[in-house]
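Here the structure comes first, spelled out in structure tokens, and everything after it is commentary.
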Amino acid sequence: MEPNSIKKYKISLEDYPFKQDLENRLLMAQFTSKDLAVLEEILYSSIKVPIKKLAKSTDLTESEILPILMKLSRTGLFSFEEDSIILDKDLRKYFEGQVAKFDPEFKPGMEYIQNLLKKVPIHVLPIWYSIPRLSNGIFESIVEKYLLTPQIFQRYLNDLTFSDPILSSIVQDVYTSAELKVYGKDLIEKYNLTREQFEEALLQLEFHFVCCLGYENLEEEYKEIVTPFQEWKDYILFLKATQTPPGPTAETVERTRLHDFSYVQDLTHLLSLAKKHPFPVSEEKGKLLPTPEIRDQLSSKMGGFTPKDPLFMNYLAGLISKLSQLKLTSVVDGRLYALESASDFLEMPSESQALFLYRHPLNRHFIPYAPASILTDRTLRESEKSILRVLSTGWVYFDEFLKGVIAPLNENSIISLKKQGKTWKYSIPSYSEEELAFIKAIILEWLFETGITATGRVAGRAVFRVTAFGQSLFGQ
């Protein structure tokens, strides 16, 4: 989060009767397993239930259950009538939602937040969250404005600030913790808070969608825990789990080419030769190639190849095709000539040549096996941005990197908050074989040509790293 953000939101707990919420939370923070068992039995019983029956159902004596009932009666959930208790119907529904928070499987997600917002008068919510008063669905409008995609929620987090800096510090503690979970007791001690101050702080954070309060059973007592809302927590844990680990050392990598800018340097060798002495080219197996004599000269200048190596032949044909695509050369009467625009390119340093390739409107990476629907500028740029996750990692294995790619190549692969049954989640994209091949071509071929990635192999596995040039370009 950015602590210098100045944007404030209009949430005021005074706009609804929050004091009762605080009292109930204070009480629940003291719950033992027996307290919870009695409360659950009350909630699942009839409106009027004899105390003796409650005691029997919970395996307690009357003398054991009475102090617990006195404690629970402070919530207003029930009143005493002779030897029975009478439940309040409205509060019964409220506490059914609260009891769920003690379930080991409880996840404080969108359903919990939706129920939380129901406590607030409906006319107040548009003021709190700056949404149109005439919205057809207030909760849906809130989701769309603040939570719909990870990017939207992250921008909201970056903009969010509190008048009380302790609230920002609590959020920071939770979001930087290893398991995205902090015990309430630790926060109370760290910031010297009273119980009331802590519970009020958590109410604020819940209504701001940044943290939620839950309970964990430890040695027959329930301890308060603070986490992000579940869908965001799951998304962050996914990012952590798929963070590409550092791969092989540089010494073990068999590089595709010797240097970060080898591709533009190889283009330069070919273009310089064509400018100095236009040389003959002919089609061989569908590819335009120079004579064996010229191949010898080029393999010697470029290094790392032998003239008759099939890989060199394919690479050379690709270079010739690229120069033609960029309008730097033209074939006239069976010879490759450098055009007038070649002079400017040849005078550029390697980094400028790479940038020229990257930004040139005619430069497209042809991927014959990719469906036409993903061969667009948008999908190209989205795939490129995948390297942001390994910008400074060094050499990584491509197959490990691919596990964490979340590029939105189509409508279905855009990460957004979606409801599935009663639960919600940020949908993580899955890709077809063609789409995976497209991403691979962008990272290992297109970005390699523009000097943004260096590529190679280790024991048959493809590896790459983002070059210093790539870091400067994508790290801006």
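The values are calculated or read from the model by the stated rules, or taken from the named source; none is laboratory data. Since the model is a prediction, treat every value here as computed from it, not as a measurement. Cβ: placed from backbone, ideal geometry, glycine included. Neighbour counts: every protein chain shown. Side chains are part of the model used for accessible areas, which takes the heavy atoms of the whole protein and leaves out ligands, DNA and RNA. Shrake-Rupley method; radii C 1.70, N 1.55, O 1.52, S 1.80 Å.
Contact map, the range 337-354: first residue among the aliphatic types (A, V, I, L, M), second residue surrounded by fewer than 14 Cβ atoms within 10 Å (Cβ to Cβ), Cβ cut-off under 8 Å, separation 6 or more or different chains; pairs are LEU339/LYS327. Among the residues of the range 267-280, is there at least one that is over 30 Å from ALA37 (Cβ atoms), open to solvent by 20 Å² or more (accessible area, probe 1.4 Å), hydrophobic (A, V, I, L, M, F, W, C) and without any contact (Cβ under 8 Å) to a residue 60 or more places away in the chain? Looking for residues that are over 30 Å from ALA37 (Cβ atoms), open to solvent by 20 Å² or more (accessible area, probe 1.4 Å), hydrophobic (A, V, I, L, M, F, W, C) and without any contact (Cβ under 8 Å) to a residue 60 or more places away in the chain, one finds at least one in the range 267-280, hence yes.
The rows are residues; the columns are (1) in a helix (DSSP H, G or I); (2) of a type in the set (Asp, Glu); (3) open to solvent by less than 10 Å² (accessible area, probe 1.4 Å); (4) farther than 16 Å from ILE113 by Cβ.
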| residue | (1), (2), (3), (4) |
| --- | --- |
| GLN151 | yes, no, no, yes |
| SER163 | no, no, no, yes |
| GLU199 | yes, yes, yes, yes |
| LEU205 | yes, no, yes, no |
| TYR215 | no, no, no, yes |
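Yes/no matrix, rows are residues, columns are (1) open to solvent by less than 90 Å² (accessible area, probe 1.4 Å); (2) at pLDDT below 90:
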{"residue": "LYS7", "(1), (2)": "no, yes"}
{"residue": "LEU22", "(1), (2)": "yes, no"}
{"residue": "GLN30", "(1), (2)": "no, yes"}
{"residue": "ILE42", "(1), (2)": "yes, no"}
{"residue": "LYS53", "(1), (2)": "no, no"}
{"residue": "ASP59", "(1), (2)": "no, no"}
{"residue": "MET70", "(1), (2)": "no, no"}
{"residue": "PHE78", "(1), (2)": "yes, no"}
{"residue": "LEU91", "(1), (2)": "yes, yes"}
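Once the range 167-186 is narrowed to residues that are open to solvent by less than 40 Å² (accessible area, probe 1.4 Å) and assigned to a loop (DSSP other than H, G, I, E, B), the residue that is farthest from ARG25 (Cα to Cα) is SER177. Are any residues in the range 353-369 surrounded by 13 or more Cβ atoms within 10 Å (Cβ to Cβ) and at pLDDT 90 or above, and if so, which ones? Hits for the range 353-369 are GLN353, ALA354, LEU355, PHE356, LEU357, TYR358, HIS360.
Quick check on my filter: what residues within the range 244-266 are among the polar types (S, T, N, Q) and open to solvent by less than 20 Å² (accessible area, probe 1.4 Å)?
In the first step, residues of the range 244-266 are kept if they are among the polar types (S, T, N, Q); the result is 244, 249, 252, 256, 262, 265.
Within the range 244-266, THR244, SER262 meet the criteria.
Going residue by residue through the range 232-243, is there one that turns out to be exposed (fewer than 15 other Cβ atoms within 10 Å of the Cβ), in contact with a strand residue (DSSP E or B) (Cβ under 9 Å, 6 or more places away or on another chain) and not in a helix (DSSP H, G or I)? Among the residues of the range 232-243, not one is exposed (fewer than 15 other Cβ atoms within 10 Å of the Cβ), in contact with a strand residue (DSSP E or B) (Cβ under 9 Å, 6 or more places away or on another chain) and not in a helix (DSSP H, G or I), which makes the answer no.
Of all residues in the range 424-436, those being farther than 20 Å from ALA241 by Cα, in contact (Cβ under 8 Å) with a residue 24 or more places away in the chain and open to solvent by 50 Å² or more (accessible area, probe 1.4 Å) number 1.
Just need a number here: residues in the range 84-102 that are assigned to a loop (DSSP other than H, G, I, E, B) and either in contact with an Asp or Glu (Cβ under 9 Å, 6 or more places away or on another chain) or under 15 Å from VAL226 (Cα atoms) (or both).
Going through the range 84-102 one residue at a time, the tally reaches 0.
In summary, GLY421 fulfils each of the numbered conditions (1) in contact with a strand residue (DSSP E or B) (Cβ under 9 Å, 6 or more places away or on another chain); (2) free of Cβ contacts under 8 Å to residues at least 12 places away in the same chain with the single exception of condition (1). Candidates in the range 297-352 are the residues that are acidic (Asp, Glu) and loosely packed, with under 14 Cβ neighbours inside 10 Å; of these, the one that is farthest from SER262 (Cα to Cα) is ASP333.
When the range 384-419 is filtered for residues that are polar (S, T, N, Q), closer than 19 Å to PHE238 by Cα and surrounded by 14 or more Cβ atoms within 10 Å (Cβ to Cβ), the ones remaining, listed by number, are SER386, THR393, SER413, SER416. The residue that is nearest to GLU40 (Cα to Cα), counting only those in the range 120-131 that are part of a loop (DSSP other than H, G, I, E, B) and modelled with pLDDT of 90 or more, is VAL120.
Checked against (1) surrounded by 14 or more Cβ atoms within 10 Å (Cβ to Cβ); (2) in contact (Cβ under 8 Å) with a residue 24 or more places away in the chain; (3) in contact with an Asp or Glu (Cβ under 9 Å, 6 or more places away or on another chain); (4) not aromatic (Phe, Trp, Tyr), LEU444 passes all but a single condition, namely (3). Is there a residue in the range 9-22 that is assigned to a helix (DSSP H, G or I) and farther than 26 Å from ILE166 by Cα? There is no residue in the range 9-22 that is assigned to a helix (DSSP H, G or I) and farther than 26 Å from ILE166 by Cα.
With the requirement that a residue be open to solvent by 50 Å² or more (accessible area, probe 1.4 Å), of a type in the set (D, E, K, R) and either more than 46 Å from the chain's Cα centre (by Cα) or farther than 17 Å from ARG335 by Cα (or both), what does the range 281-296 give you? Write out each step before concluding.
Restricting attention to the range 281-296, the residues satisfying the condition of being open to solvent by 50 Å² or more (accessible area, probe 1.4 Å) are 282-288, 292-293, 296.
Among the residues that remain, those that are also of a type in the set (D, E, K, R) are: 283-285, 287, 293, 296.
Listed by number, the residues that qualify are GLU283, GLU284, LYS285, GLU293, ASP296.
Output the residue which, of all residues in the range 430-468 that are of a type in the set (A, V, I, L, M, F, W, C), in contact with a Leu (Cβ under 8 Å, 6 or more places away or on another chain) and not in a strand (DSSP E or B), is nearest to GLU251 (Cα to Cα). Only one residue tops the list, namely ILE452. So, in the range 370-383, of the ones that are of a type in the set (Val, Ile, Thr) and buried (at least 18 other Cβ atoms within 10 Å of the Cβ), which residue ends up nearest to TYR358 (Cα to Cα)? Top of the filtered list is THR379. Residue pairs whose Cβ atoms lie under 8 Å apart, sitting 6 or more positions apart in sequence or on different chains, and linking a residue in the range 150-168 that is under 17 Å from LEU13 (Cβ atoms) and of a type outside the set (Phe, Trp, Tyr) to a partner that is open to solvent by less than 30 Å² (accessible area, probe 1.4 Å) and in a helix (DSSP H, G or I), are ASP164/ALA201; ILE166/ALA201; LEU167/ALA201; LEU167/LEU205.
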